[in-house]
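What follows is a single structure, written as structure tokens, with notes after it.
Just so you know, all these numbers are worked out from the coordinates, no wet-lab data involved. In this text, all values refer to a predicted model and were calculated from it rather than measured experimentally. Here Cβ is always computed from backbone atoms with ideal geometry, including for glycine, and neighbour counts include all displayed protein chains.
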Amino acid sequence: MIDLHLHTTASDGRSTPEALVDEAFAAGVRTLAVTDHDTMAAVAAVAAAAAARGMRFVPGIEITAVARGRDVHMLGYFLDAGTGELAAFLDAQRADRRRRVVEIVGKLRELGAPVAVTPDDIEGGAGGGRAIGRPFVAQALVSAGHARDIADAFDTFLGDGRPAFIPRRGASPAEVVGLIARAGGVSSLAHPGKLRLDPIIDELIDAGLTAIEAYHPDHRDADVERYVSRARSSGLLVTGGSDYHGPGSGRTSGLGQVGLPAPDFEALAARAGRRTHA
Ligand code: AMP
Ligand code: ZN
Ligand code: FE
Ligand code: FE
């Protein structure tokens, strides 16, 4: 199984890098990419754990861009994490995440659902480079008794258009495609079936998009077929993975179930200029 969409505690996943590799291996994954939101802080640790298991590893990221007021998740693979431009961009992304959490917590106080959570609390102990976000506020709402569970916290307060929703600021998806290319990587539009903004695919192709994520747990068979054929007819490659967020996250079902066919992985690696066999 080849899984190119996985999260760790460096963003909103529940598994440490080491636990993630163990869980993926146990589920039958033998090639994996880590794709935390707006951070590559887990890349070195996942790479080391994967090497110890004899698994093939690809450094990755899931960057949140903004288009038409909506979040658009852009995946990047085979990146040079050390690139100055990428590192500075990700620092700015995480700073905006802190700004947003502070504003959300302020909104919640006004709404009579106070939570005692600060960016420092969330980041504390996890080391530098952790990307925070709404799932941590959702957990605080559950812990404080203001929501039944994470899904309820999003439905009642945090989801797009809900009372404590604070818009994000950020780069366009096309700008992120360019950034990923300049960092030596290849780009993929994440879970387009969940996004439901297919008209942006043409704009992204013009910007140099490499692939679209056809295989994802939130895609029905018809979505997979539609995006595979869209990719084939547009000269794009396809990517895929489980979007696993670890035990207790509510986003575990895809692990070992949803992945990328080997020929598609080989094509992606070749496009990135990487040989996958020694
Ligand atoms: P943020 O990064 O702060 O914009 O939060 C977005 C993240 O929250 C997504 O990547 C998901 O992991 C999670 N999320 C979004 N909507 C929901 C939902 N309705 N229920 C549970 N988790 C969600
Ligand atoms: Zn996430
Ligand atoms: Fe995503
Ligand atoms: Fe994801």
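Summary table
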{"read-out": "Share antiparallel - DSSP beta bridges, the chain, percent rounded to 5", "value": "45 percent"}
{"read-out": "Footprinting exposure proxy for 228, 46 (fewest neighbouring C-beta atoms within 10 Å first)", "value": "228, 46"}
{"read-out": "Candidates 111, 204, 32, ranked by Gaussian network fluctuation over the chain, Cα under 10 Å, top entry", "value": "111"}
{"read-out": "Global geometry of the stretch 95-158, whether rounded, prolate or oblate, following the gyration tensor of its Cα atoms and the 1.5 cut on a/c", "value": "prolate"}
{"read-out": "Length gained when the stretch residue 87-residue 262 is fully extended (0.36 nm per residue, less Cα-Cα span)", "value": "60.0 nm"}
{"read-out": "Net charge of neighbours whose Cβ lies under 14 Å from the Cβ of residue 153, counting Lys and Arg as +1 and Asp and Glu as -1", "value": "-1"}
{"read-out": "Förster radius 30 Å - calculated FRET efficiency between residue 120 and residue 19, Cβ distance, rounded to 0.05", "value": "0.80"}
{"read-out": "Per-pair calculated FRET efficiency, R0 = 35 Å: residue 230 and residue 169 via Cβ, rounded to 0.05", "value": "0.75"}
{"read-out": "The stretch 149-278 - percent relative contact order, Cα under 8 Å, separation 6 or more", "value": "18 percent"}
{"read-out": "Gaussian network model of the chain, springs between alpha carbon atoms under 10 Å - residue of 236, 195, 209 with greatest fluctuation", "value": "195"}
{"read-out": "Between 0 and 90°, nearest 10: helix 262-271 axis offset from the chain longest Cα axis", "value": "90 degrees"}
{"read-out": "Inter-site label distance for residue 203 and residue 274 at 7 Å from Cα along Cβ, in nm", "value": "2.9 nm"}
{"read-out": "Nitroxide proxy distance, nm - points 7 Å out along Cα→Cβ at residue 182 and residue 148", "value": "4.7 nm"}
{"read-out": "Computed log₁₀ I(q)/I(0) - Debye formula, equal Cα scatterers, no solvent, the stretch 1-136, q 0.14, 0.22 Å⁻¹", "value": "-0.67, -1.31"}
{"read-out": "Taking 227, 244 and counting other C-beta atoms within 10 Å, the order from fewest to most", "value": "227, 244"}
{"read-out": "Inter-site label distance for residue 80 and residue 196 at 7 Å from Cα along Cβ, in nm", "value": "4.1 nm"}
{"read-out": "P(r) tail fraction, the stretch 5-71 - alpha-carbon pairs more than 19 Å apart, %", "value": "29 percent"}
{"read-out": "Reciprocal mean inverse distance between Cα atoms of the chain - Kirkwood radius, Å", "value": "18.9 Å"}
